[in-house]
1. Of the residues in region 183-209, how many are touching a Gly at 6+ places or on another chain (Cβ under 6 Å) and over 20 Å from Glu65 (Cβ atoms)?
2. So, Met149, is that one within 25 Å of Val34 (Cα to Cα) and crowded, with 19+ Cβ neighbours inside 10 Å or not?
3. Looking at region 47-83 only, could you name the residues that are acidic (Asp, Glu) and either in contact with a His (Cβ under 7 Å, 6 or more places away or on another chain) or outside any strand (DSSP E or B) (or both)?
4. Mind checking whether some residue in region 208-229 is under 13 Å from Met170 (Cα atoms) and in contact with a helix residue (DSSP H, G or I) (Cβ under 8 Å, 6 or more places away or on another chain)?
5. Within region 171-182, is there a residue that is within 30 Å of Arg62 (Cα to Cα), at pLDDT 90 or above and not in a helix (DSSP H, G or I)?
6. Got a sec? Which of Val230, Val236 is more than 30 Å from Pro105 (Cβ to Cβ) and under 13 Å from the mean Cα position of the chain (by Cα)?
Amino acid sequence: MVVTVQEPEVRQSPPHDPPAGPPVVAAENLFKVVRATDASARRNRGSTDELVIVDDVSFTIRSGETLGIVGPSGCGKTTLLNMMAGLVFPTAGQLRINGAVVTGPDRRMGYMTARPGLMPWRSAVRNVQFGLEVRGIKGAQARETAMRMLELVDLADFAHWYPFKLSQGMRQRVALARTLAIDPAILLMDEPFAALDVQTKLTLQQQFLALREGTERAVAWVTHDVNEAVSLCDRVIVMSPRPGRIKTEIRIDLDHPRDLATLRFDPVYQQLAEAVWKEFDAAEQEGTT
């Protein structure tokens with residue numbers, strides 16, 4: 001189901017046109033079934049030892065578009081990201097990147113999670129360099145790129161600090177710089193700001209929006225935060241409880257660039273956030289019945 005939100009009669013800015021190019025990511029009828037790993041899990045599900053995580057899910061992400069994925073815990077959001085990354089494979093269905101079936105990890109992907117995963121024995125700049133080094137870019141070129149990424153996230157002055165000296169928000173910014181340093185065509189974001197305080201989260205959300213402007217990256221953004229999904233994304237899909245299906249798709253018809261300091265007062269934003277929240281809450285309630 002696709003939800004269309006009725007806009008107020010007066011609007012200060014023209015509508016945002018979604019990307020119109022061919023899909024960068026195309027998921028076609030994805031299923032993911034896993035086996036129970038212990039006897040108690042099998043007993044809790046009755047006679048079968050199989051669990052359907054993702055059930056017939058199809059979606060696309062176009063160049064320059066950010067797709068938000070929200071839904072109850074356990075509905076398969078991270079599984080979808082892992083399938084896009086080529087870390088796990090669908091039981092049935094196909095997932096294509098630029099028309100080619102995903103057969104394994106792809107260097108065009110950048111993947112960021114809620115935990116920064118920094119190497120404690122490396123300084124901030126050397127953590128950012130790591131992905132470049134894996135790709136064979138070393139020495140002055142890697143260092144120059146890493147420093148440029150740290151500047152983008154306002155951490156150039158902390159380039160030689162080790163993770164234990166950095167705040168949680170600073171560590172997450174280093175992780176963002178490391179993800180962007182490899183210049184990925186597709187960004188997979190798994191609740192990257194979930195562990196941060198509200199103010200730090202807003203700062204990083206605004207930085208992400210600024211870094212995204214003018215690029216053709218396709219982004220898949222998993223979150224439990226409805227406001228984050230509406231603020232950052234061009235479309236949002238709401239997943240049902242496990243087995244995860246797409247319950248609703250909502251187009252986020254808000255202009256770019258977006259200023260988070262004022263966006264929340266926009267009546268269109270408020271209507272969209274309410275629409276996504278109602279669908280998300282309905283999915284949560286469905287999971288408890």
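The values are calculated or read from the model by the stated rules, or taken from the named source; none is laboratory data. Bear in mind that the values here come from a model prediction, so they are computed numbers and not experimental data. Virtual Cβ from ideal backbone geometry, glycine too; neighbours counted across all protein chains shown.
1. 2
2. Answer is no for this residue.
3. Asp49, Glu65
4. Among the residues of region 208-229, not one is under 13 Å from Met170 (Cα atoms) and in contact with a helix residue (DSSP H, G or I) (Cβ under 8 Å, 6 or more places away or on another chain), which makes the answer no.
5. Taking every residue of region 171-182 in turn, at least one turns out to be within 30 Å of Arg62 (Cα to Cα), at pLDDT 90 or above and not in a helix (DSSP H, G or I).
6. Answer to the check: Val230.
One line per residue, one yes/no per condition, for (1) over 22 Å from Ser63 (Cα atoms); (2) surrounded by 19 or more Cβ atoms within 10 Å (Cβ to Cβ); (3) not polar (S, T, N, Q):
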{"site": "Asp225", "(1), (2), (3)": "yes, no, yes"}
{"site": "Arg251", "(1), (2), (3)": "no, no, yes"}
{"site": "His256", "(1), (2), (3)": "no, no, yes"}
{"site": "Ala261", "(1), (2), (3)": "yes, no, yes"}
{"site": "Phe265", "(1), (2), (3)": "yes, no, yes"}
{"site": "Phe280", "(1), (2), (3)": "yes, yes, yes"}
